[in-house]
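Written out below as structure tokens is the structure these notes cover.
Readers should treat all values here as calculations from the given coordinates under stated rules, not as data from a laboratory. For clarity, every value in this text was computed on a predicted model and none was experimentally measured. Note that each Cβ is placed from the backbone with ideal geometry, even for glycine, and that neighbours are counted across all protein chains shown.
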Amino acid sequence: MARSVQTSSNFRDALLRHLTYTMGKDPEHAQPFDWRMALSHAIRDRIVDTWVASTRKTYEQDGKRVYYLSMEFLIGRLLEDGIFNLDMVEEAKEALESFGMDMRTILDDEPDAALGNGGLGRLAACFLDSLSTIGCPAYGYGIRYENGLFKQSFVDGCQVESPETWLQEPHPWEFERPEVRINIGFGGDVHFENGKTVWRPAEMIQAEAFDTPIVGWQGRWANTLRLWAGRAVDPFDLDLFNSGDFAAASEHEALARTISRVLYPEDSNEAGKELRLKQEYFFSAASIRDILRRFDSQHNDLKLLPEKIAIQLNDTHPAIAGPELLRILHDERGLSFEEALHITHHCMNYTNHTLLPEALERWDERLFGRLLPRHLDIINRIDDAHYKANPHRTLSARSDGQVKMGELSFIMANRVNGVSALHTDLMKQTVFKELNALHPDRIVNETNGVTPRRWLHSCNPALSGLITETIGEDWIADLEQLEKLEPSIEDQGWLDRFTDVKNANKAALCDYVAGVHGVNLNPEAMFDIQIKRMHEYKRQHLNILETIAHWQEIRDNPTADWVPRVKIFAGKAAQGYHFAKDIIHLINDVAKLVNADAATRDVLQVIFLPNYNVSLAERLVPAADLSEQISTAGKEASGTGNMKFALNGAPTIGTLDGANVEIRDHVGKENFFLFGMLADEVMQRRMMHDHAQQAINADPRLGRALEALRDGTFSPEDPGRYTHIADNLTWSDYFLVCSDFTDYWRAQREVDKAYQDRKAWAKMAALNTARSGWFSSDRTIHGYMCDIWGAKSLIP
Ligand code: F58
């Protein structure tokens, strides 16, 4: 599809036209917000041209469509993404500058769309970008949360949450589709009438569609992200209003809206659990109806479904889509149960993102049956059919009074995939051991990837420019071409330029941190960064313990030749996860003391940046010297931050966990700082009842760091504040922080040594970039298209 050629004066006119007629503003009085909206609309117009053409072509060609169902899409900002994907950076900049406006200011005015928690949601966003770049006809389906992931701030070092309000200002990227409203039922009962099973829900909520076009690289293709918002079937009761009960008059509307109000409401109480399950059914059922409506508009034989559609369940959150499709095919469309099951099975696929037992979704069957009575019957029949075909009782989706969404997803799915080679192996050996034995071809691996457009080209324009100058620009859509950089790495002149880029990125981060947080970081120091959700298995506490031990050692010998470091942390803890919040508090307390210590502050600084989100990651990743990927082996399914850092020239210090294994294979073991136990050693070690005490006894540094937690060094105003963390590590330490500490310390000192040889370090960093091409989400999506979906690109 040819892109229309526009001159920049043309674009300037478009910008002015939108400022005038869309925003109703005169350039003289326009605020950054007005300019952002005008620019967004001008860019959006171009995207819509591609979008309409792509949609038309999808209908014409009637190829297989991919449906990616995900409770989360962590897309972040869209304006910069659109400008880069359309290759309009210079045009946009010039147009703004001609009105005296600075593009960075305008881009930074956009709030992040934080419709996700972390890796799983960000992966979905990278996949959308790759699907459009590749030209695979696809739709993302999710929920239009009015409030995305909470905002994080610190009060006296403690995490405080406040609602996120990305929709407070008009959101220029979405198109409301009032004509696409689907009624979704809950509760009620099931009847048998005229030879048919009929579900009569007690409650109805409407799902209204909002579409966002997702444009791929160079604007050649655009797919749709369709998000559902909750609406009342009858929003307003005039009688109640007239009787003076104004609040009750709009109660239906308020209740219906709660369903798309927040991302993952707390599910520690019954009401929260129910809302979560309702959210899952709400968006899955609306999506299935929509998929069938689109299919029906072009076909009249349901047997063709598996040939025309592939549904991907992003984790188990949309797992109910399976029984829902089956229910419609059987109860409403009159197919036999067996036929409906067969068709459903061949349309559905499931991606697993975790082996943590507490994260595998299970629903109390009473709650489930109360909300979805017909689906509970259907799940029983799915189990029966599976049992008949494979007599093995322990494998049911419904047992012990629970509905098990992992088992259900596995049984329903044609393909089940893990997200890194190690994770996929462990899936076969642990959570899905028996199911895998019954269906040995079902599990496949698709190692995650990240989009090079956002995670190199746009977030690191200086490096992108150097790469393009060196090897041409084809790498942007074919990331493995980065290997062509290798000969240049031998050239000291080129390597110096690579280092200059890193230094400039670090300086820009310093400016940002100084401007926003009033902290001056030392740009000469090594920037050692750990950014991700807060979780014990990710072991931010291992990092801070090592930092404490390091600080103690510097104090012992302040004049030694220490390698200056800045330790940067960012990440949110779930609102109810108190231990993780205490780790944040600890890091902030350590930062307070260490940064004020005149004896050490030239060589060690610690900072926890608040409100980690996609935009902050885009600033941090290009400025990193060292990437911390230190999870307990066997616990991190893949990781994707690890890939972003390596791609941007930050070597990893890490365990052999998740995709770290493959990163190390690609970049070379000499360019990766490995430490820690392997997944099977972890399992063995845990059997030792006193593993932590043994580790503590063997390493005085560890003992001393733990002692500092106990004696109130970091919280003199409340000396007992961190005793429970020290106790947890000493007496339980499920994630083996103590057992890995000594080797982590060793690896960190190796890092120090390596960093002192700045030329060798630059080479190692550049090799990380040159050899990370395999971690493009384009490669991952090609894998899904070929191994799982059987889908084809429609770009000639
Ligand atoms: C993440 N999972 C994995 N889950 O932890 C990470 O290793 C992997 O790289 C990534 O998926 C993509 O495959 C993840 O982000 C969640 O956020 C859950 C969502 C539901 C509530 C509990 C957290």
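Sites listed here are GluC sites (Glu not before Pro) in region 163-265 whose DSSP assignment is loop and whose Cβ has at most 14 other Cβ atoms within 10 Å, and the list is empty. Straight Cα distances below 30 angstrom link residue 308 to the lysines 57, 64, 196, 278, 388, 404, 428, 792, with same-chain residues fewer than 8 positions distant left out. Largest first, the extents of the alpha carbon coordinates of region 669-796 on the three principal axes equal 67, 41, 34 Å. Amide H to amide H distances under 5 Å link residue 450 with 776, 777, where only residues 5 or more positions off or on other chains count and H is placed in the peptide plane.
Grab the alpha carbons of region 624-668, take their convex hull, and tell me the volume per residue in Å³.
In region 624-668, the Cα convex hull volume per residue is 56 Å³.
Checking the cross-link pairs 644/669; 484/669; 538/567; 484/538 against a 26 Å limit on the alpha carbon distance flags 484/538 as lying beyond it.
What fraction of the Cα pairs in region 594-721, stated in percent, has a spacing above 18 angstrom? Roughly 69 percent, rounded to a whole number. Start at zero, step by 5 Å, and the Cα-Cα distances of region 26-94 spread as 3, 12, 17, 18, 18, 15, 8, 5, 3, 1, 0 percent across the bins. Averaging 1/r over every pair of different alpha carbons in region 166-207 and inverting the result gives a Kirkwood radius of 13.4 Å.
Computed over the chain, the percent of Cα pairs more than 41 Å apart is 35. Report summary: the helix-based calculation at 222 nm, which adds -39500 (n - 2.57) for every DSSP H run with n ≥ 4 and divides by the residues of the chain, gives -14000 deg cm²/dmol. Note on the chain: dipole from Cβ charges, positive end direction compared against 390, 133, 255; the farthest Cα belongs to 390. For residue 425 and residue 731, what does the FRET efficiency come to when R0 = 35 Å and r is the distance between their Cβ atoms, rounded to the nearest 0.05? Working from the Cβ atoms, E equals 0.65.
Please arrange 502, 57 by counting, for each residue, the other beta carbons lying within 10 Å of its beta carbon, fewest first.
Final ranking by Cβ density, sparse to dense: 57, 502.
Using the Kirkwood radius over Cα pairs, work out the Stokes-Einstein diffusion coefficient for region 252-409 at 20 °C and 1.002 mPa s, in µm²/s as a whole number. D = 130 µm²/s. Within the shell of other residues whose beta carbon sits under 14 angstrom from the beta carbon of residue 226, the net charge comes to +1, with Lys and Arg scored +1 and Asp and Glu -1.
The residues packed around residue 734, meaning those with a beta-carbon under 9 Å from its beta-carbon, carry a net charge of -1 if Lys and Arg are +1 and Asp and Glu are -1. What is the helix-to-structure angle for 8-17, meaning the angle in degrees between its Cα long axis and the longest Cα principal axis of the chain, kept from 0 to 90 and rounded to the nearest 10? Helix 8-17 and the main axis of the chain meet at about 60 degrees.
The slack between residue 196 and residue 756, meaning 0.36 nm per residue of separation minus the straight C-alpha distance, is 194.0 nm.
Dimensions of region 479-596 along the principal axes, based on C-alpha atoms and rounded to the nearest Å, stand at 49, 40, 29, largest first.
Mean sequence separation of contacting Cα pairs (under 8 Å, at least six apart), scaled by the length of region 164-240, corresponds to a relative contact order of 26 percent.
If you take all other residues with their beta carbon under 14 Å from the beta carbon of residue 89, and give Lys and Arg +1 and Asp and Glu -1, the sum is -4.
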